[in-house]
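Notes follow the structure.
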Amino acid sequence: AERTLVLVKPDAVGRSLIGEVLVRIERKGLRVVALEMRTATTEVAAQHYAEHQGKPFYDGLLQFITSAPLVAAVVEGPRAITAFRQLAGGTDPVEKAATGSIRGDFGLETQLNLVHGSDSPESAAREIALWFPSL
Ligand code: ATP
């Protein structure tokens, strides 16, 4: 089965939406195979978002993602990468995420869009190695 790296970002943790996100993952039929709450270091955050370095939102994004605890998880199942991105909805919670998705149901701002999910098998492998080096 395929694996994807999911982050329940600090905004969602602060709003007590960890359970809400995990319920949707499990209800879909995906399986949580690793789960940990932690505050991301700047080093891990910078590696995670390396592709966005130099973009106007990059500094704010790193500040935000390291500002408070998040929940990192490895989620497994058939087509887990695409399945979770469907659950999450588009990056902009108002313009792109459909109602019924996590971002569409709970988000208003692009930076505070509640969750992250790997966007390709290559990203998933890289991100799982970064967040869960022992897996
Ligand atoms: P993620 O990688 O977190 O799953 P994504 O793949 O939907 O999100 P990306 O384009 O990779 O979106 O952007 C990564 C993250 O950077 C977004 O989830 C969001 O938190 C933040 N971000 C992206 N674009 C903007 C923007 N224009 N303004 C503020 N924050 C942004």
Using a 7 Å offset from the Cα along the Cα-to-Cβ direction at both E95 and T39, what is the distance between the two label points in nm, to one decimal?
3.3
Mean projected area, convex hull of alpha-carbon positions in the chain, reported to one decimal in nm², is 7.3
Local charge sum around F132 (other residues, Cβ-Cβ under 13 Å, Lys/Arg +1, Asp/Glu -1)?
0
Fully extended contour minus Cα-Cα distance, from D105 to A46, at 0.36 nm per residue:
18.4 nm
Would you kindly derive the ³J(HN,Hα) couplings of the stretch 33-40 from the backbone phi angles with the Karplus curve 6.51 cos²θ - 1.76 cosθ + 1.60 (θ = phi - 60°), listing them in order in whole Hz, with x for Gly and Pro?
10, 8, 7, 8, 8, 7, 9, 5
For the modelled label position 7 Å from the Cα of S67 along Cα-to-Cβ, which residues of the stretch 5-43 have backbone nitrogen atoms closer than 14 Å?
9-15, 40
Per-residue HN-Hα couplings for the stretch 42-56, Karplus 6.51 cos²θ - 1.76 cosθ + 1.60 at θ = phi - 60°, whole Hz, x for Gly and Pro?
4, 4, 5, 4, 5, 5, 4, 9, 3, 5, 9, 4, x, 6, x
Förster radius 30 Å - calculated FRET efficiency between Y58 and R27 (Cβ-Cβ, nearest 0.05):
0.35
Restricting to Cα pairs below 8 Å that are 6+ residues apart, what does the relative contact order work out to for the stretch 2-131? Please round to a whole percent.
37
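Quick note: the coordinates plus some simple rules give every number you see, no bench work behind them. Treat the numbers as computed from the prediction; the structure is a model and nothing was measured. Here Cβ is always computed from backbone atoms with ideal geometry, including for glycine, and neighbour counts include all displayed protein chains.
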